[in-house]
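Note sheet for the following structure.
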Amino acid sequence: MYGGGTIFEKPENKDLVNEDPVKLQEFEDRIERGEKIEPSDWMPSLYRKQLIRMIEQHGHSEIIGALPEGTWITRAPGFRRKMALIAKVQDEVGHAQLLYSAAETLGKTREEMINDLLSGKSKYSNIFNYPAFTWADSCFISWLVDAGAIVNQLANARGSYGPYCRALDRICAEESFHLKYGHHCVIYMATGTDIQRKMMQEALNRWWKPMMHFFGPPDKMSVHTELLMKWKVKMATNDDMRNQFLDMYVPKILELGLEIPDPELRKDEETGKWHYGDPDWDEFYRVIRGDGPCNAERLEVRRIAEERGQWVREALKKAETAYVTPLA
Ligand code: BYC
């Protein structure tokens, strides 16, 4: 089952057996021709479920992803960094709003999505379940996690579902500012004092493994890729995205005099593929099942934020009713 049920199973293609074969063929032909599918168009229920699962998880990742960096706003070194980080964190939460709106076009309400996040039924990105101990951790997120997100989002923005693609276009435009900000922060640390360089190296050591996990399990272990690529929801496989990230960012990291904590990392120039050491996929599965260093804390913070924002939502509802109720 999709949309928060069992995990790591191949798509239930019996869902497709029940679809009207003529409509299914027309739908697949449209996708093949590169047309966008819009909310009022016919779509197989499995396409709808898969999109809800993926867009919702993406939205949750943005909102939870704002937490580790958010804790650094008050401690950011200097006023300029504070202002930039406030703007970045605000953008990330805005991305969640765009994504939740895109997922709502498929029939799941925002309330249902938030409830599924808080109950642990829906996932969010593995990487935000790790602690940001130092300012250098925040710099790592702003540069390299955003870089990974851009690799993924630029590819999928060319996908088949109109509302998701349009949200991704806008998100990518904002992420490109984050990337410049993050790169600047890392350059500053990596070319600073011995202590700053050491802090940056330690952050890289802490985050490299979750960063490798960020693109999802290796293709041979991925359960959704085949179908999602066929329907152009995903435009690159997990391994291709990881490879593209390594291609683009390994040279930039090394240029700064930082060491990548993987002695096996090397590029096979013949195939163009990177070889890397086993990043401990068991840890990845543990973390995405809820057993990472910060999963409980992240959800608790989100739950408190939901509780504290309840009065705002109620006030807005009342204001809306007052506005539409004619005066006596
Ligand atoms: N984390 O068959 P697979 C940001 C799950 S926010 C957690 O390969 P798929 C930022 C997967 O869901 C941007 N779970 O899946 C924010 C599935 O489980 P279920 C984050 C993961 O969907 C603030 C199972 O493993 N980006 O950058 O084909 C500040 C099997 O995997 C992960 C997105 O969310 C993971 N990393 O491919 C700074 C991108 N990977 O659902 C920065 C949108 C896999 O069957 N999502 N799983 O229970 C995607 O592109 C795809 O969903 C993935 C996975 C590539 C992540």
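The values are calculated or read from the model by the stated rules, or taken from the named source; none is laboratory data. Predicted model only: the values in this text are computed from it and were never measured. Virtual Cβ from ideal backbone geometry, glycine too; neighbours counted across all protein chains shown. What goes into the accessible areas is simple: the full protein's heavy atoms, side chains included, and nothing from ligands, DNA or RNA. Shrake-Rupley method; radii C 1.70, N 1.55, O 1.52, S 1.80 Å.
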**Message:** When you check Tyr124 against the structure, is it in contact with a Pro (Cβ under 9 Å, 6 or more places away or on another chain), hydroxyl-bearing (Ser, Thr, Tyr) and open to solvent by less than 30 Å² (accessible area, probe 1.4 Å), yes or no?
**Reply:** no
**Complete:** Filtering region 101-132 down to residues that are charged (D, E, K, R), assigned to a helix (DSSP H, G or I) and within 13 Å of the ligand (Cβ to nearest atom) yields Asp116
**Complete:** Those residues of region 182-223 which are of a type in the set (A, V, I, L, M), touching a residue at least 60 places away in the same chain (Cβ under 8 Å) and buried (at least 21 other Cβ atoms within 10 Å of the Cβ) amount to Val186, Met200, Ala203, Leu204, Met211, Met212
**Asked** What are the residues in region 73-85 that are open to solvent by 20 Å² or more (accessible area, probe 1.4 Å) and either over 23 Å from the mean Cα position of the chain (by Cα) or within 30 Å of Asp116 (Cβ to Cβ) (or both), if any?
**Response** Ile73, Thr74, Arg75, Pro77, Gly78, Phe79, Arg80, Arg81, Lys82, Met83
**Asked** So which residues in region 155-179 are of a type in the set (Gly, Ala, Ser) and farther than 17 Å from Arg30 by Cβ?
**Response** Ala155, Ala157, Ala167, Ala173, Ser176
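Test of understanding: among Leu46, Leu98, which residue is in contact (Cβ under 8 Å) with a residue 12 or more places away in the chain, within 14 Å of the chain's Cα centre (by Cα) and more than 10 Å from the ligand (Cβ to nearest atom)?
After ruling out the rest, the residue left standing is Leu98.
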**Message:** Can you pull out every residue in region 207-229 that is touching a helix residue (DSSP H, G or I) at 6+ places or on another chain (Cβ under 8 Å) and in a helix (DSSP H, G or I)?
**Reply:** Trp207, Lys209, Pro210, Met211, Met212, His213, Asp219, Met221, Thr225, Leu227, Leu228
**Fill in**
For region 230-248 the number of residues that are within 9 Å of the ligand (Cβ to nearest atom), under 20 Å from Lys36 (Cα atoms) and in a helix (DSSP H, G or I) is 0
**Pair list, Cβ under 9 Å, 6 or more apart: region 21-33 residue free of Cβ contacts under 8 Å to residues at least 40 places away in the same chain, other residue part of a helix (DSSP H, G or I)** = Leu24/Leu16; Phe27/Tyr47
**Prompt:** Restricting to region 272-306, what's the tally of residues that are open to solvent by 100 Å² or more (accessible area, probe 1.4 Å), within 20 Å of Pro68 (Cα to Cα) and assigned to a helix (DSSP H, G or I)?
**Reply:** 2
**Asked** Which one of these is assigned to a helix (DSSP H, G or I), without any contact (Cβ under 8 Å) to a residue 40 or more places away in the chain, touching a Phe, Trp or Tyr at 6+ places or on another chain (Cβ under 7 Å) and open to solvent by 20 Å² or more (accessible area, probe 1.4 Å): Leu154, Leu179?
**Response** Leu179
**Request:** Filter region 241-271 for residues that are open to solvent by 70 Å² or more (accessible area, probe 1.4 Å) and closer than 17 Å to Phe215 by Cα and give the result.
**Result:** Gln244, Met248
**Fill in**
Over region 266-287, the set of residues away from the ligand (no atom under 16 Å from the Cβ) and either touching a strand residue (DSSP E or B) at 6+ places or on another chain (Cβ under 7 Å) or among the acidic types (Asp, Glu) (or both) is Arg266, Lys267, Asp268, Glu269, Glu270, Trp274, His275, Asp278
